[in-house]
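Working notes for the structure below.
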Amino acid sequence: MRVTLFVPCFIDSLYPNVGMSMVHILERLGHSVDFPEEQTCCGQPPFNSGYWEEARSVAVKQIEVFKNAEVVISGSGSCGAMFKVFYPELFHGHSAEAEAKALSAKTWEFSEFLVNKLGVTDLGARFEGRATFHDGCHGLRELGTKQAPRELLSHVKGLELVEMSEAETCCGFGGTFAVKYPQISTAMAEVKCNSICETKADYVISNDSSCLMQIGGWLNRNVGSVKCLHLAEVLASR
Amino acid sequence: MNQNRGDREAILGRVREALREEAPLKHPAERSAGGEPTTAHFREWLPPVGASIDERFALFAKLSESLRTELHLCADMAEVSAFIKKLAEEGNWKTIALHTGELISPLILELPPQLSPLLLQSGYDKDELEACDAGLTECDLLVAQTGSVCVTSKSAGGRVLSVLPPHHIVVARKSQLVTDLTEAYASLATKYRDAYPSMISFITGPSRTGDIERILVLGAHGPKRLTVLLLPS
Amino acid sequence: MSTIADLPRQQFQSDANRTANDAPRRAAVRRALSNYQTARDRTGATFTDWKSARASAATIKHEAVNHLDRYLEEFEQKFTARGGKVFWATDSKQARDYILNLAKEKGVRSIVKSKAMTGEEIHLNEALIKEGYAVVESDLGEYIQQLKGEPPYHFVFPCMHLRRDEISDLFHRELGTAKTDSPEELTMIARNVLRRAYVDADMGISGGNFIVADTGMISITENEGNARLTVGLPKIHVALIGIEKVVPCLADLALFLPMLATAGTGQHLTGYNSMYGGPRQPGEIDGPEEFHVVFLDNHRTRLLADPEQRDALHCIRCGACLNVCPIFKNIGGHTYGTTYQGPIGSVITPHFRGLEDWKHLSGASSLCGACTETCPVGIDIHHHLLHNRRNAAAQKPAAGEQLLWKAFSFLMKRPALYRLATKFAPLGGLLHPLVEGTAMDPVASWTATREFPAAPQGSFRERFRAHKAAKAELVKKGGVQ
């Protein structure tokens, strides 16, 4: 299958390894991976801030870029949810509504694509360590992604997965919220990270790099010993 | 008394104006053929009860236990009388408030001599009722699904008898046990038609609060204890 | 610069700063609510099909709210036929004045209240006390808050933020009772005070959870029995209810009562669910001689006029969205500065009290969606927070912020420019000069408490290009499968 990657702006510039891990995994499975270079950002930051006009002007570009894609795979639950759930809302009653819905229909979150579209759960990965999984809110509640990443991780040799008590609790990132209300955002990060630390895990894994930026940001400042990894990075390990 | 209805017309006008544009129904439920939401479906979704009278009773008993409702089966009126006598002695009761009724009237004659009855009739003294040790009432129904006792101002001696004294005793027959709230409302509708009593109350356990550190305390205001004495059908 | 319009936002930011740093209080609130979560999950699991029950509840509320005029009139007709009185109040003042006049006309001296958020909304107690009436809140939590002189912390659990020793000290100070660390003894202290209040009061005031149209009743849900006594003993009763609280049929409560209990407190059913159809009827032995229902608009019709957010009026005030909200858990109820706290409060307050002054509440959310997930009547709460943000930006864009997003979209619409820009600076630094040194500076805001990720060697697109080139090279050499 020809799969088209959607690598959102901050993964592109801050976490290139996440994108490359997805490329390796998909290529190993025999798929041809396409990355249209014209893609930039899904438009979520202005959308979440209330500037929908500005968000739409960015979003129509993305709709255009992915027009001919067969399936679009997102390595971020949040940006994937933007395509899948919020584009139809953003374009409700606008000229590009049909195209927005078409993009929504063919967009997949990475772990959902592997498990529920391709039917693959064992990627032959090996990764030594004790880890806990953070459910990013947009992946969990907008896309309903809960079991797929755990299914994939359960087949990683050497990995011990322990659930934390606050797995489904928001990490406090929330895009611009993290910098507009830093005191609340940081308190939320603290709750999340304390729950991570209680598991005595060496790693916290998520399918959302934006959450990991928040969690990692707090852990590196206050704890230091727990490492953040994107699901794709673990699944690509041999 | 004034017949002032306030801004009735203005508010209704604003409501009608506001409703000119329709709002989408985002989470539709199944509907009956007539297009109206139907109460018949509720049962399929709410906690299951079981079809037989035994299952119904078993659930009521189980919920009563977790609610700390004291449920006792009594073979006949003599046992009910004896049970009340025992409670009165244990609690050193001096007065018991009650109303007249098919199940209660015969009990009045059997009350122990040291326990004086306060019969609630029109225009009782609030202080006298407040000072009673217990309240004895009948009820309309018992609800298996929720472990509730349904009283009305008609069946249970007014609005307050079942909730002011510190110990509420209900005398009922097993045949009054219905499956769920849907059946309870249907039964009340049949019984009262357009002349509902001015109060219907589903009592689910004794008075309780969790307002302090979310720790359960019984008897926040009214009954610290709720006893249901159940006679055969 | 500080203007009147800035005040609620400033109060919010400064209270949030304080509460977010109060770790022990945050932990206590979280602990109380995690017990709630366990109870709620356990009870929810006993439903045969919670999702269908929820869709049904949403459908019924949709029907009620979208035909509100018809159902309110039906209620009024049934309720007045049995001797009840209905007063329609446009705003707080009209509702207060009606109740004050009634109390004056009837020679009322003391008033007992059972919990009513509408009472908080219109500041009824202050008005009554100012006119010389003795007013006692009878719900234990509300009573404690009244003694403490502060508003409810949570619209279902009014004093959930207080520890028992704080309540004991309060009672000791205000009532002269001996100190105790037993919640049971504390409850009994309040019980003894309040029993007198019911007997002595000449007027009872309550709210209402549901307005039942087809039988002309109001339904009140409570655990303590205080509302039963408030509606039962005094000779006049006033129920103050928002106009949106309608359900079409009495039988609908067979669904709503268990759902309200399950979502609100994790109980199968709340202790007392009582439906009142007017004053004492002929042949009945007690009950108020007069029963007034005050319908409160107070800008509910403004929310009703917004079809996109109209479903926010489906709310049954169970409090579930507060209980799961990570923002609420970390900043607490008072920080909101509103009658209705938490996610649903953040949605409706801008409609009730003005978007410009209250839009910050919609901004103060990570949009995690836990509220929407838990809502028993299917309100898209966090989507409405987004709608409020959009409406606020459209109504009065913040100059600096609009410029930022215009610059952002200018860049993101131009992939070549974006590539060029990200080649030289990581994304976070791109738009930074626009806001550097201002209150909006995201870098300063972030790095005050968190590390920023280390800049990687090259962007993904550069590495992907290299990867493709290497593969192409291999193919050319015939080295690939």
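The values are calculated or read from the model by the stated rules, or taken from the named source; none is laboratory data. All figures in this text were calculated on a predicted structure; none of them were measured in a lab. Ideal geometry is used to build each Cβ from the backbone, glycine not excepted, and the neighbour counts take in all protein chains shown.
What's the number of the condition C:GLN11 fails, among (1) within 11 Å of another protein chain (Cβ to nearest Cβ); (2) under 26 Å from C:PHE157 (Cβ atoms); (3) of a type outside the set (A, V, I, L, M); (4) surrounded by fewer than 16 Cβ atoms within 10 Å (Cβ to Cβ)? Single failed check for C:GLN11: (1). Out of A:PHE83, A:PHE47, one residue alone is more than 8 Å from chain C (Cβ to nearest Cβ), at pLDDT 95 or above, buried (at least 20 other Cβ atoms within 10 Å of the Cβ) and within 27 Å of C:SER365 (Cα to Cα). It is A:PHE83. Any residue in the stretch A:94-115 that's modelled with pLDDT of 95 or more and in a strand (DSSP E or B): show its pairings with residues that are among the aromatic types (Phe, Trp, Tyr) and crowded, with 22+ Cβ neighbours inside 10 Å at Cβ separation under 6 Å, as long as the two are six or more apart or on different chains. Listed pairs, sorted by first residue: A:THR107/A:PHE83. Please go through the stretch A:64-77 and give me each residue that is modelled with pLDDT of 95 or more and buried (at least 20 other Cβ atoms within 10 Å of the Cβ), ordered by number. Selection gives A:PHE66, A:VAL72, A:ILE73, A:SER74.
Checking the conditions here, which among B:PHE57, B:PHE42 is assigned to a helix (DSSP H, G or I) and either at pLDDT 90 or above or more than 10 Å from chain C (Cβ to nearest Cβ) (or both)? Step through it out loud before you land on a result.
Values: B:PHE42 fails: either at pLDDT 90 or above or more than 10 Å from chain C (Cβ to nearest Cβ) (or both).
Criteria check complete, one pass: B:PHE57.
C:ILE379 meets the conditions (1) in a helix (DSSP H, G or I); (2) in contact (Cβ under 8 Å) with a residue 40 or more places away in the chain; (3) within 10 Å of another protein chain (Cβ to nearest Cβ) in every case but one. The failed one is (1). Just one of the numbered conditions (1) within 8 Å of chain B (Cβ to nearest Cβ); (2) buried (at least 24 other Cβ atoms within 10 Å of the Cβ); (3) not β-branched (Val, Ile, Thr) is not true of C:ALA251: (2).
State yes or no: is C:GLY337 surrounded by fewer than 23 Cβ atoms within 10 Å (Cβ to Cβ), modelled with pLDDT of 95 or more and within 12 Å of the chain's Cα centre (by Cα)? It would help to see each step written out before you state the result.
On the way: surrounded by fewer than 23 Cβ atoms within 10 Å (Cβ to Cβ): yes; modelled with pLDDT of 95 or more: yes; within 12 Å of the chain's Cα centre (by Cα): yes.
When the stated conditions are applied, C:GLY337 passes them.
Annotation: A:GLY172 fulfils all but one of (1) buried (at least 23 other Cβ atoms within 10 Å of the Cβ); (2) within 22 Å of A:MET1 (Cβ to Cβ); the unmet one is (2). Does the stretch C:352-376 hold any residues that are touching a Pro at 6+ places or on another chain (Cβ under 6 Å) and away from chain A (no Cβ under 11 Å), and which are they? Within the stretch C:352-376, C:ASP357, C:TRP358 meet the criteria.
Just to be sure, is B:VAL49 surrounded by 13 or more Cβ atoms within 10 Å (Cβ to Cβ), within 14 Å of chain C (Cβ to nearest Cβ), among the aliphatic types (A, V, I, L, M) and within 19 Å of B:ALA172 (Cβ to Cβ)? Spelling it out, B:VAL49 is indeed surrounded by 13 or more Cβ atoms within 10 Å (Cβ to Cβ), within 14 Å of chain C (Cβ to nearest Cβ), among the aliphatic types (A, V, I, L, M) and within 19 Å of B:ALA172 (Cβ to Cβ).
Of all the residues that make up the stretch A:192-223, how many are touching a residue at least 60 places away in the same chain (Cβ under 8 Å), farther than 25 Å from A:LEU143 by Cα and either buried (at least 18 other Cβ atoms within 10 Å of the Cβ) or under 21 Å from the mean Cα position of the chain (by Cα) (or both)? Show your work before the answer.
Quick first cut of the stretch A:192-223, residues touching a residue at least 60 places away in the same chain (Cβ under 8 Å) only: A:196, A:199-213, A:215.
With farther than 25 Å from A:LEU143 by Cα added as a condition, the list becomes A:199-202.
Imposing the further condition that a residue be either buried (at least 18 other Cβ atoms within 10 Å of the Cβ) or under 21 Å from the mean Cα position of the chain (by Cα) (or both) reduces the set to A:199, A:201-202.
Qualifying residue count, the stretch A:192-223: 3.
Count of the stretch C:390-419 residues, restricted to those that are surrounded by 24 or more Cβ atoms within 10 Å (Cβ to Cβ) and either within 20 Å of the chain's Cα centre (by Cα) or outside any helix (DSSP H, G or I) (or both), is 0. Scanning the stretch A:165-188 for residues that are in a loop (DSSP other than H, G, I, E, B) and under 19 Å from the mean Cα position of the chain (by Cα) turns up A:GLU166, A:ALA167, A:GLU168, A:THR169, A:CYS170, A:CYS171, A:GLY172, A:PHE173, A:GLY174, A:GLY175, A:THR176. Remark: pairs (first residue in the stretch B:87-113, in contact (Cβ under 8 Å) with a residue 40 or more places away in the chain and part of a helix (DSSP H, G or I); second residue crowded, with 17+ Cβ neighbours inside 10 Å and small (Gly, Ala, Ser); Cβ separation under 6 Å; 6+ apart in sequence or on different chains) = B:LEU107/B:SER81. Of all residues in the stretch A:168-187, one or more are farther than 28 Å from C:ASP441 by Cα and without any contact (Cβ under 8 Å) to a residue 60 or more places away in the chain. Which of the numbered conditions does B:GLN114 fail, given that it passes all the others? Conditions: (1) within 26 Å of B:GLN145 (Cβ to Cβ); (2) modelled with pLDDT under 95. Unmet condition: (1).
Taking C:LEU322, is it within 23 Å of C:ALA55 (Cα to Cα), within 14 Å of the chain's Cα centre (by Cα) and surrounded by 24 or more Cβ atoms within 10 Å (Cβ to Cβ)? The answer is yes for C:LEU322. Has the stretch C:35-46 got any residue that is in contact (Cβ under 8 Å) with a residue 40 or more places away in the chain, at the interface with chain B (Cβ under 8 Å from one of its Cβ atoms), assigned to a helix (DSSP H, G or I) and under 25 Å from the mean Cα position of the chain (by Cα)? Within the stretch C:35-46, one or more residues are in contact (Cβ under 8 Å) with a residue 40 or more places away in the chain, at the interface with chain B (Cβ under 8 Å from one of its Cβ atoms), assigned to a helix (DSSP H, G or I) and under 25 Å from the mean Cα position of the chain (by Cα).
Table: residues versus (1) in contact (Cβ under 8 Å) with a residue 60 or more places away in the chain; (2) farther than 16 Å from C:GLY208 by Cβ; (3) more than 7 Å from every other protein chain (Cβ to nearest Cβ).
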position	(1), (2), (3)
C:LEU257	no, no, no
C:GLN267	yes, yes, yes
C:SER274	no, no, no
C:ASP286	no, yes, no
C:ARG310	yes, yes, no
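Restricting attention to the stretch A:6-16, does a residue exist that is more than 8 Å from chain C (Cβ to nearest Cβ) and surrounded by fewer than 21 Cβ atoms within 10 Å (Cβ to Cβ)?
No; the residues of the stretch A:6-16 include none that is more than 8 Å from chain C (Cβ to nearest Cβ) and surrounded by fewer than 21 Cβ atoms within 10 Å (Cβ to Cβ).
Inside the stretch A:17-32, residues that are in a strand (DSSP E or B) and buried (at least 22 other Cβ atoms within 10 Å of the Cβ) make up a count of 0.
Condition check for C:THR262 on (1) facing chain B (nearest Cβ under 9 Å); (2) on the phi < 0 side of the Ramachandran plot: one failure, at (1).
Step by step: first the residues of the stretch B:178-219, then only those that are assigned to a strand (DSSP E or B) and farther than 13 Å from C:THR215 by Cβ, then the one that is farthest from the other protein chains (Cβ to nearest Cβ). Which residue is that?
Taking the stretch B:178-219 first, the residues assigned to a strand (DSSP E or B) are B:178, B:199-203, B:208-209, B:217-218.
So of that shortlist, the ones also farther than 13 Å from C:THR215 by Cβ come out as B:178, B:201-203, B:208-209, B:217-218.
Working: B:VAL178: 11, B:SER201: 4, B:PHE202: 4, B:ILE203: 6, B:ARG208: 5, B:THR209: 5, B:VAL217: 4, B:LEU218: 8 Å.
Filtering first and then ranking leaves B:VAL178.
Residues in the stretch C:212-226 that are of a type outside the set (S, T, N, Q) and farther than 14 Å from C:PHE291 by Cα: C:VAL212, C:ALA213, C:ASP214, C:ILE220, C:GLU222, C:GLU224, C:GLY225.
Filter the stretch A:143-168 down to the residues that are within 14 Å of A:PHE127 (Cα to Cα) and either crowded, with 17+ Cβ neighbours inside 10 Å or of a type in the set (Gly, Ala, Ser) (or both) and list them by number.
Residues of the stretch A:143-168 within 14 Å of A:PHE127 (Cα to Cα): A:152-161.
Selection gives A:LEU152, A:LEU153, A:SER154, A:VAL156, A:GLY158, A:LEU159, A:LEU161.
No other residue among B:THR152, B:THR204 is in contact with a helix residue (DSSP H, G or I) (Cβ under 7 Å, 6 or more places away or on another chain) and in contact (Cβ under 8 Å) with a residue 24 or more places away in the chain apart from B:THR204.
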